[in-house]
Amino acid sequence: MSILLRSFRRWWQRPRAVSERAEHRQVTFLELFYDLVYVVLIAELTHALAHHIDPRHIGEFLFLFIITWWAWINGTAYHDLHGNNDMRTRIFTFLQMFTVAAMAVFADDALGESATGFALAYAGFQLILTYLWWRTGVHDPVHRPLSRPFALAFLITTLLFVASVFVDPPHRFYIWFGATLISILLPLMIFRIGRKTPAVQEQIAMSTIATASMVERFGLFTIIVLGEVIIGVVQGVAGHSDLSWQVVRISALGMMIAFGIWWLYFDFVSHRIPRQEALWVYLWSYAHLPVTAGIAMVGAAIVNVVDHATEPLPVDVRWLLVCAIGMVLVGITLMIRSLPPRAGLEQLRWMSQVVIFLAAIVVFALGFTALGTIPLLAAIALLMLLPIAVALIFWIKRTETAT
């Protein structure tokens, strides 16, 4: 019996304590598998937006994307803080994936006829996180000042989403909004309150350390969303029975925009750990929300841009494209701001922020112009490549000076 008990404890371990968190670890295949289910959910949201581009549906997309992003970041953070390579971690990760897959099933009309299914699926996800955060406090009493408020907040939002099923629209969605706001503001509230309690402050300091594995997970999630831009180009081209040079040029420029986003994020932001103060870590992580949401919106816009290659670009599509890219550039600017300066590269860091932010303003201003599709896309691509060119010139001059 004791042998069976020891074997069970080996495979069903307690949640890892925050103090046992590894600073350097490799992202596991389980985490990569977990991220894949969000590919489907984000694809459903993006495709729904691509078919209905207007202010109302853009607002609905952003709201649902925030819920999706918040689900991902909480599942990811819990695994990074408390996950183990055991049966317990795997089973609860698979349970989360079931609920996210269920959200994807109802995502196409989540604020319409499928609202009940989406609300219950998300409530199921929240309930799993409620239990997981609660158990961390049970096994690690020192961590209770953080785990208990998190568990309570997840329980409240779970109950609110379940209760919303019995409320008619639009009040149902007001409940969703309030519950989501509680979840998102909770870390900031805990940080503010915890400043007065040394024990809480110590736990906050340990929990908000951005490890290399967390940086990698954010990069992988960005790659997942960036794939929607490529899908948008492919779907737009596939919608044309006869390929013309106009379609080819526009699709090529759409790919250039995807390349520009990748280059800006993975050269200026990725693989770098933000400053290790809680507010800077929050800024770095929360700035990923406008970046990833903007990238998904670019994907929805690109489908329509390529689809309308042989006719004037609709005004709604133009504004979705420029606003989405503006969101991405502003978010990247905030991320660069959250990164620690590197010796000898402070000037490059400052120049990058200024150039990328100015590019965002100019991209947004292009929405007021009457540029044709190809000139508009070419201008956007050039503006996104401008910060890269500035960085290359800086490196060349620095290398020449050093030699």
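The single condition among (1) among the charged types (D, E, K, R); (2) in a helix (DSSP H, G or I); (3) over 20 Å from residue 208 (Cβ atoms) that residue 80 does not meet is (3).
When we screen 358, 366 for residues that are in a helix (DSSP H, G or I), surrounded by 18 or more Cβ atoms within 10 Å (Cβ to Cβ) and modelled with pLDDT of 90 or more, the only hit is 366. Among the residues of this structure, residue 382 counts as one that is modelled with pLDDT of 90 or more, assigned by TED's automatic domain parsing to the domain that holds residue 296 and out of contact with any helix residue (DSSP H, G or I) (no Cβ under 8 Å at 6 or more places or on another chain).
Selection within the stretch 301-321: residues that are without any contact (Cβ under 8 Å) to a residue 60 or more places away in the chain and crowded, with 21+ Cβ neighbours inside 10 Å. The member of this set that is farthest from residue 45 (Cα to Cα) is 318. The residues listed here are 381, 391; of these, the one that is in contact (Cβ under 8 Å) with a residue 40 or more places away in the chain and under 18 Å from residue 253 (Cα atoms) is 381. Is there any pair with a first residue in the stretch 146-168 that is within 25 Å of residue 201 (Cβ to Cβ) and a second that is aromatic (Phe, Trp, Tyr) whose Cβ atoms are under 7 Å apart and which are 6 or more apart or on different chains, and what are they? Filtered contacts from the stretch 146-168: 147/133; 147/134; 150/133; 151/133; 151/134; 154/133. Restricting attention to the stretch 161-183, the residues being buried (at least 20 other Cβ atoms within 10 Å of the Cβ) and within 19 Å of residue 133 (Cα to Cα) number 3. For the stretch 108-136, the set of residues classified as buried (at least 18 other Cβ atoms within 10 Å of the Cβ), without any contact (Cβ under 8 Å) to a residue 40 or more places away in the chain and small (Gly, Ala, Ser) consists of 121, 123, 124, listed by residue number. Against the numbered list (1) within 15 Å of residue 78 (Cα to Cα); (2) modelled with pLDDT of 95 or more; (3) surrounded by fewer than 22 Cβ atoms within 10 Å (Cβ to Cβ), residue 105 comes up short only at (1). Note on the stretch 44-68: residues that are surrounded by fewer than 22 Cβ atoms within 10 Å (Cβ to Cβ) and in a helix (DSSP H, G or I) total 13.
Taking the conditions (1) farther than 27 Å from residue 174 by Cα; (2) touching a residue at least 12 places away in the same chain (Cβ under 8 Å) in turn, residue 91 satisfies each one other than (2). Residue 337 falls short of the stated requirement of being assigned to a helix (DSSP H, G or I), of a type in the set (D, E, K, R) and at pLDDT below 90.
The values are calculated or read from the model by the stated rules, or taken from the named source; none is laboratory data. Just so we're clear, the structure is a prediction, and the values are computed from it rather than from any experiment. Counting neighbours? That spans all protein chains shown, and the Cβs are built from the backbone with ideal geometry, glycine included.
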